[in-house]
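The values are calculated or read from the model by the stated rules, or taken from the named source; none is laboratory data. Given the structure is predicted, the values throughout are model-derived calculations rather than measurements. Cβ sites come from the backbone with ideal geometry, for glycine too, and all protein chains shown count toward neighbours.
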Amino acid sequence: MKIDLNSDMGEGFGPYRLCDDEAMMGVVSSANIACGFHGGDPETMARMVRLARENGVGIGAHPGLPDRAGFGRREIAYQPDELRQQMIYQLGALQAIARAEDMTVGHFSFHAAMGNMVNRDPALADLMMDAIAKVDARLVVFVTPDSEIERAAKRARLKTLSLFLADRAYDAAGKLVARGLPGALVKDEGSVRARVRRFLTERKVEAIDGTLINMPALSILVHSDTPGSLELARLIRDEIAQAGAELASVSELAS
């Protein structure tokens, strides 16, 4: 069995950092790099790319809304084309920085509110995926299973890779429990370890109401801003090893 372990990274800016990015790069197999809007800046982006190169980690663009104060988690009423240009701007910035460091951006993962807005609007999802395909048709799009983004990506002939969010709770319909609701964030080591073990052995996860739901994913995500994220990533990697699985690159796993 092969699996990807990824994290959203470089989400601080200037002297401010959310987690130990240097240590996290030694744990994950792919990094979703903030592109300067909700987090990150040119210096931080370049640092992330260099760290990824040194650790043999694949890199992807992680664009969000231009809202540092809200960490890109507050929806803002942009017109579809405005949102499209914001996404393209961020993707292009990371591609240029990566190219200057002899690295290639291989995947794409929306951040928070931008992703939520796209994921509930099929027309907007098509607009965004078509734009990604025009910029680089080789990019792999990280998706949640059975989502509008996944369907739009496939219509745009983009490869996708489904995510299991190890530190977020799901409801019985397989949707993420909204942040701010009780139990939405799963951060204690015992719970995360048990969830990851079940996912790896059964491809299932226990929903917040106790229901067992299918989780057809090949990549595990831990958010870098989750308290104790580095320790959680390490225990997830340990569970991957104990299950007899091995880390693999996004390009190996995407379909």
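Which one of these is among the hydrophobic types (A, V, I, L, M, F, W, C) and assigned to a strand (DSSP E or B): 192, 222?
Values: 192 fails: assigned to a strand (DSSP E or B).
Among 192, 222, only 222 is among the hydrophobic types (A, V, I, L, M, F, W, C) and assigned to a strand (DSSP E or B).
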Quickly run through the stretch 219-255 and pick out the residues that are more than 23 Å from residue 72 (Cα to Cα), touching a Lys or Arg at 6+ places or on another chain (Cβ under 8 Å) and of a type in the set (Gly, Ala, Ser). 243, 245, 248, 254, 255
Test residue 82 against the criterion of being closer than 19 Å to residue 134 by Cβ, surrounded by fewer than 15 Cβ atoms within 10 Å (Cβ to Cβ) and not hydrophobic (A, V, I, L, M, F, W, C), and give yes or no. yes
Cβ pairs under 9 Å, 6+ apart, first in the stretch 177-198 and more than 13 Å from residue 238 (Cα to Cα), second among the basic types (Lys, Arg) and surrounded by fewer than 16 Cβ atoms within 10 Å (Cβ to Cβ): 185/179; 198/204
Among the residues of the stretch 110-168, count how many are surrounded by 19 or more Cβ atoms within 10 Å (Cβ to Cβ), of a type in the set (S, T, N, Q) and not in a loop (DSSP other than H, G, I, E, B). 3
Condition (residue is within 25 Å of residue 249 (Cα to Cα), at pLDDT 95 or above, in contact with a helix residue (DSSP H, G or I) (Cβ under 8 Å, 6 or more places away or on another chain) and among the aliphatic types (A, V, I, L, M)) applied to the stretch 177-197: is it met by at least one residue? yes
Residue pairs within 8 Å by beta carbon, gap of at least six or interchain, first lying in the stretch 228-241 and touching a residue at least 24 places away in the same chain (Cβ under 8 Å) and closer than 13 Å to residue 28 by Cβ, second buried (at least 17 other Cβ atoms within 10 Å of the Cβ) and polar (S, T, N, Q), listed first then second, are 229/7; 232/226; 233/7
Looking at residue 46 and the list (1) under 16 Å from the mean Cα position of the chain (by Cα); (2) more than 15 Å from residue 233 (Cβ to Cβ); (3) not basic (Lys, Arg), which single condition is not satisfied? (1)
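Being modelled with pLDDT under 95 and under 29 Å from residue 239 (Cα atoms), is that true of even one residue in the stretch 1-10?
To start, the set of residues in the stretch 1-10 that are modelled with pLDDT under 95 comprises 1.
Filter once more, so that each one left must be under 29 Å from residue 239 (Cα atoms): 1.
Checked against the condition, which is being modelled with pLDDT under 95 and under 29 Å from residue 239 (Cα atoms), the stretch 1-10 yields at least one hit.
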In the stretch 101-143, anything of a type in the set (A, V, I, L, M, F, W, C) and free of Cβ contacts under 8 Å to residues at least 24 places away in the same chain is listed as 137, 143
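Have a look at 56, 40 and point out the one that is at positive phi and surrounded by fewer than 22 Cβ atoms within 10 Å (Cβ to Cβ). Please lay out each step first, then the result.
Values: 40 fails: surrounded by fewer than 22 Cβ atoms within 10 Å (Cβ to Cβ).
Only one candidate passes the filter, namely 56.
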